[in-house]
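Chemist: I'd like to ask some things about the structure below.
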Amino acid sequence: MQYWLMKSEPSDASIDDVLASPNQTIPWYGVRNYQARNFMRDLMRIGDGVLFYHSSCAEPGIAGIAEVASVAFPDSTQFDRGGKYYDPKATPENPRWMMVDVRAVKKTQLMSLAFLREEPELAEMQILRRGNRLSITRVEVGEWRWLIRHLKDAS
């Protein structure tokens with residue numbers, strides 16, 4: 001089993017949106033970074049743990065726990081000529097971008113980015129590295145265990 005932190009802008013898809021979705025599952029569409037795509041395509045497996053992270057908002061941070069719910073499949077938004085994720089080089093026969101389904105497990109109290117930065121046990125966490133802009137990052141087993149122990153259920 002592997003562990004991941006996946007960023008989503010809450011205005012696009014929040015943990016509440018996922019919990020309200022059928023089967024509490026959404027497709028993780030719109031990733032346009034090759035490394036993040038490769039994580040989904042090559043490394044993610046059904047059941048992998050996910051930290052659901054709200055980004056590009058007033059207070060970024062971990063907002064919930066989720067899991068990978070499917071194997072990777074072509075991201076249909078790459079074919080939508082009118083959409084913001086359209087890629088003219090992608091074809092159904094040769095898709096460039098992949099996605100996985102993510103299932104929400106539970107909402108937690110927000111664990112802010114500022115809080116994460118203060119914790120010595122998380123000092124090496126990839127999301128905290130200077131210049132990191134990836135929407136999907138690996139989470140080490142020790143980091144995952146520490147976070148799971150410290151994340152509180154939403155009230």
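Chemist: Just to be sure before I move on: is residue 90 at pLDDT 95 or above, of a type in the set (A, V, I, L, M, F, W, C), in contact with a Lys or Arg (Cβ under 9 Å, 6 or more places away or on another chain) and more than 26 Å from residue 149 (Cα to Cα) in the structure I sent? Talk me through it step by step, then tell me what you get.
Modeler: Details: at pLDDT 95 or above: yes; of a type in the set (A, V, I, L, M, F, W, C): yes; in contact with a Lys or Arg (Cβ under 9 Å, 6 or more places away or on another chain): yes; more than 26 Å from residue 149 (Cα to Cα): yes.
Considered against the rule, which asks whether it is at pLDDT 95 or above, of a type in the set (A, V, I, L, M, F, W, C), in contact with a Lys or Arg (Cβ under 9 Å, 6 or more places away or on another chain) and more than 26 Å from residue 149 (Cα to Cα), residue 90 comes out as yes.
Chemist: Do we have residue 24 as over 11 Å from the mean Cα position of the chain (by Cα) and within 12 Å of residue 135 (Cα to Cα) here?
Modeler: no
Chemist: Determine whether residue 11 is at pLDDT below 95 and part of a loop (DSSP other than H, G, I, E, B).
Modeler: Here the answer is yes, as residue 11 does meet what is asked.
Chemist: Could you give me the residue pairs with C-beta distances under 6 Å whose first residue belongs to the range 14-26 and is under 20 Å from residue 57 (Cα atoms), whose second residue is charged (D, E, K, R) wherever it lies, and which are 6+ apart or on separate chains?
Modeler: 15/107
Chemist: Inside the range 123-155, can you point out the residues that are in a helix (DSSP H, G or I) and more than 18 Å from the chain's Cα centre (by Cα)?
Modeler: Once the filter is applied, which keeps residues that are in a helix (DSSP H, G or I) and more than 18 Å from the chain's Cα centre (by Cα), the range 123-155 yields 142, 146, 149, 150.
Chemist: Still on this structure: Being assigned to a loop (DSSP other than H, G, I, E, B), open to solvent by 20 Å² or more (accessible area, probe 1.4 Å) and more than 20 Å from residue 133 (Cα to Cα) is the filter here; which residues of the range 70-84 pass it?
Modeler: 71, 72, 80, 81, 82, 83
Chemist: Same structure, new question: Give the number of residues within the range 20-60 that are open to solvent by 50 Å² or more (accessible area, probe 1.4 Å), more than 16 Å from residue 100 (Cα to Cα) and not in a loop (DSSP other than H, G, I, E, B).
Modeler: Qualifying residue count for the region: 1.
Chemist: Condition test on residue 123, is it among the aliphatic types (A, V, I, L, M) and over 26 Å from residue 19 (Cα atoms)? I'd like the intermediate steps shown before the answer.
Modeler: Numbers: among the aliphatic types (A, V, I, L, M): yes; over 26 Å from residue 19 (Cα atoms): yes.
Judged against the criteria, residue 123 is a match.
The values are calculated or read from the model by the stated rules, or taken from the named source; none is laboratory data. Computed from a prediction, not measured in an experiment: that's the story for all the values here. For neighbour counting, all protein chains shown are included, and Cβ atoms are generated from backbone atoms with ideal geometry for every residue, glycine included. Just so you know, the surface numbers come from the protein's heavy atoms only, side chains and all, with ligands and any DNA or RNA stripped out. Shrake-Rupley method; radii C 1.70, N 1.55, O 1.52, S 1.80 Å.
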